[in-house]
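Beneath this line is the structure, given in structure tokens, with notes to follow.
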Amino acid sequence: MNKVKIILIGLCGVFFLPACSLEEPLVTSVTRENVFGSEQGLEAYSLNFYQQLPSLNDLASMEGSSTDYGVCKSSDAFYTNNYSAETPTSWSWSALRDVNFFIDGIHSPYCTVSQEVKDHYEGIARWFRAWFYYDKLTTYGRVPWFEHCLQSTDFDKMYKNRDSRDEIVTHLIEDLDFAAGHIQTLSSISNTRISKNAAWALKSRVCLFEAAWRKYHNEGTVRWTANALYELAYRAADQVMKSGKASLNTVTCANSYPDATYEKWLADNAMTNPSLGSYRSLFYSKDVMTNEVILGVQASLTDLVTGNANKYWNSTTTGSGACLSRAFIYTYLLKDGSRFTDKSKYSLTEFRNEFTNRDERLAQTVRGPYYQIRGANWRGRRPGMIEGTAITGYHVIKFVEDDVDKNGNDGKNENSLPIIRYAEVLLNYAEAKAELGTLTDGEWSETIGAIRRRAGIEDKAGVTTSKPTSVDNYLKDTFYPDVTDPVLLEIRRERAIELVYEGFRANDLNRWKEGENFVRVPWIGLHVPKLNSPFKVNFYDADDASGGAPKSFYISRDNPPSSHSNKYVKLLPKGSTEQGLVAAPNPDYSGSEAEEDRPQIITYQLSIPRKWHADDRQYLRPIPASIIRDYANRGYTLDQNPGW
């Protein structure tokens, strides 16, 4: 997506909110007449707003260190004990200044286009204002709401205290209703522009977040109850569902594997590629898959719009070793709809057997036993546990291209990525209706059931065609100990799996008041049948041969044998408090062998463990102390979030 950059902000006047990029007088490069005197001027200015949206780099790595289900070498400082109100945060308002200048200009005498055109572009601007304020709401809770561009003398307005959540939510809903009612397109070319469906989808996201926050944090008000917001959430989602412009993708993208040698290998082995299906194609295709993606970022080598997902997830020189915990891998269902954790001694399942007859999204999210990547040693790519790029062995492939040539440098990824997609809308609808207690079996089938069918899960009652009736105790005890409703539990399972690493998880845990997951969920690695003994993680590697590079893993607390010096993972000594991998015998194993000879549970431990404060302060980021001091120095008050 081309982003037209226009320096217009100086037209807004010289106004300054403290330390938030609103106070610098900028150079005016065009006049108000240029901007507001024609539809072309309005369009050109509005394109500048798209810089607010996440880039391809952002979308591929936005949750690397801030989830409960993910493991990484460096914990997010917010979930350790070394974060305070003095730590810099995203308290910036320059993007809002751009939007408010534009909205004010549309309502000025300088704007001479038709009312329909005015309303269309105001709808786009108000969508971006809602996008901006939703981020502020989820980050800080209450913030000041600024409706208009301010002048340099408007001190009382500039330095006003934070508005209530009611005030913010009311304005968000008003902006998104206006956008949905006045933007003229249901969808756009490549779906890289804001549309009516993007407005309805964002409204469903906003209302669902705030509804759950009010329910689980017990902060409902007469003006906005949780149930009122749940109703708005599902009604907004329903608008998208009934539009006829969006559906779940069920095809594999084109141009995925141009390597004829690789395709021949697959054919010779009677295999299709199990790691690239209709789910992963949404994150692999060179073009935005507009059947499901409501708003996306189109990659373009010509326009220099590329990403670095491969470097983040596959390179040893960047990223944080981000990968998934086996505790989360356990939540993927079997294809017959049964629970993996209902199997006897499920934790003893070897890595290469964990993917058998499982939800197809598992092999499309992490490197499984059949995963292949083009380039050097393309027939034998294992999880990056040895290299340190996937420290638990559950190596994410969701956003990457299967080509080692993409791993070494920034900006080589040519795959487009979604910002808003239809599956989220279905999940929003199902959750909102379930929270209201009105979700029918038919609606379950059309939402959760449809998502599961796309993942290869069989049609059956209680799984896809009707709501579940029994509680998954593993899911409940590990992730949601206070939830006893089997329908809500299964919706949360689907939301986590379907949207994994897409930037939703921290907000979901915050709104459900499940922040303790950041310290509760164990960071478990792949199953080790026996320490000091080689074992395989795939089905195509040849047996170790004299003089050849070994194809198996070797995990030990001791130094490796010479044959495995480059295929070796070293554990920390027993009792170590250093950062790294530790092992303990799997209690599900009933044999009487010596401790080192039993199957092991591998866990990654941090040298500074994550900390969740008893006062729950981490549900909101602190208002920067420097901003509060600046207010005070000017004779105004800005209050702080609790606990900070």
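Looking at segment 490-502, is at least one residue within 26 Å of Asn353 (Cα to Cα), small (Gly, Ala, Ser) and part of a loop (DSSP other than H, G, I, E, B)? So far as segment 490-502 goes, no, none of its residues is within 26 Å of Asn353 (Cα to Cα), small (Gly, Ala, Ser) and part of a loop (DSSP other than H, G, I, E, B). For first residues located in segment 307-330 and touching a residue at least 40 places away in the same chain (Cβ under 8 Å), partners that are among the basic types (Lys, Arg) and assigned to a helix (DSSP H, G or I) and lie 6+ apart or on another chain with Cβ distances below 6 Å form the pairs Asn310/Lys406.
Checking each residue in segment 205-253 for being among the charged types (D, E, K, R) and farther than 29 Å from Leu620 by Cβ picks out Asp238, Lys242, Lys245.
Across segment 357-364, a minimum of one residue is classified as under 21 Å from Ile602 (Cα atoms), at pLDDT 95 or above, buried (at least 17 other Cβ atoms within 10 Å of the Cβ) and not basic (Lys, Arg).
For segment 474-491, a residue qualifies if it is free of Cβ contacts under 8 Å to residues at least 40 places away in the same chain and not hydroxyl-bearing (Ser, Thr, Tyr), and the qualifying residues are Lys476, Asp477, Pro481, Asp482, Val483, Pro486, Leu489. Checked against the criterion of being crowded, with 18+ Cβ neighbours inside 10 Å and under 28 Å from Tyr619 (Cβ atoms), the candidates Asp135, Asp166, Asp98, Asp175 yield just one match: Asp175.
Yes/no matrix, rows are residues, columns are (1) touching a helix residue (DSSP H, G or I) at 6+ places or on another chain (Cβ under 6 Å); (2) over 25 Å from Lys513 (Cβ atoms):
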| site | (1), (2) |
| --- | --- |
| Arg126 | yes, yes |
| Gly141 | no, no |
| Gln151 | no, yes |
| Asp154 | no, yes |
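The set of residues from segment 397-411 being among the hydrophobic types (A, V, I, L, M, F, W, C) and either in a loop (DSSP other than H, G, I, E, B) or modelled with pLDDT of 95 or more (or both) comprises Ile397, Phe399, Val400. A residue that is under 21 Å from Arg129 (Cβ atoms), of a type in the set (Lys, Arg) and at pLDDT 95 or above can be found somewhere in segment 183-200. Within the set Thr290, Thr389, the sole residue that is in contact (Cβ under 8 Å) with a residue 60 or more places away in the chain, part of a loop (DSSP other than H, G, I, E, B), crowded, with 23+ Cβ neighbours inside 10 Å and among the hydroxyl-bearing types (Ser, Thr, Tyr) turns out to be Thr389. Filtering segment 45-84 to residues that are touching a Cys at 6+ places or on another chain (Cβ under 8 Å) and not β-branched (Val, Ile, Thr) leaves Gly64, Ser65, Gly70, Cys72. Confirm whether Pro622 is of a type outside the set (Lys, Arg), crowded, with 19+ Cβ neighbours inside 10 Å and within 25 Å of the chain's Cα centre (by Cα). When the stated conditions are applied, Pro622 passes them. In this structure, is Asp156 assigned to a helix (DSSP H, G or I) and either surrounded by fewer than 17 Cβ atoms within 10 Å (Cβ to Cβ) or in contact with a Leu (Cβ under 8 Å, 6 or more places away or on another chain) (or both)? Here the answer is yes, as Asp156 does meet what is asked.
Considering only segment 625-633, I want to know if a residue exists there that is closer than 30 Å to Ser74 by Cα, over 26 Å from the mean Cα position of the chain (by Cα) and of a type in the set (Asp, Glu). No.
When the test is whether a residue is in a loop (DSSP other than H, G, I, E, B) and closer than 26 Å to Arg352 by Cα, Val537 passes it.
Could you tell me which residue of segment 627-644 is surrounded by the most Cβ atoms within 10 Å (Cβ to Cβ), considering only residues that are more than 12 Å from Ala85 (Cβ to Cβ) and of a type in the set (Gly, Ala, Ser)? Looking at residues that are more than 12 Å from Ala85 (Cβ to Cβ) and of a type in the set (Gly, Ala, Ser), I get Ala632. Considering segment 562-584, the residues that are part of a strand (DSSP E or B) and among the β-branched types (Val, Ile, Thr) include one that is surrounded by the fewest Cβ atoms within 10 Å (Cβ to Cβ), namely Val582. Looking for something aliphatic (A, V, I, L, M), in contact with a Phe, Trp or Tyr (Cβ under 8 Å, 6 or more places away or on another chain) and farther than 30 Å from Tyr554 by Cα - is there at least one such residue anywhere in segment 601-617? Looking through segment 601-617, none of the residues is aliphatic (A, V, I, L, M), in contact with a Phe, Trp or Tyr (Cβ under 8 Å, 6 or more places away or on another chain) and farther than 30 Å from Tyr554 by Cα. Here segment 48-92 is the region considered, the condition is being more than 22 Å from Gln579 (Cβ to Cβ) and of a type in the set (A, V, I, L, M, F, W, C), and the residue that is surrounded by the most Cβ atoms within 10 Å (Cβ to Cβ) is Ala60.
One residue alone among Thr192, Thr112 is in contact (Cβ under 8 Å) with a residue 12 or more places away in the chain and farther than 30 Å from Ser247 by Cα, and that residue is Thr112.
The values are calculated or read from the model by the stated rules, or taken from the named source; none is laboratory data. Model, not experiment: these values are computed from the prediction. Note that we place each Cβ from the backbone using ideal geometry, even for glycine, and neighbour counts take in every protein chain shown.
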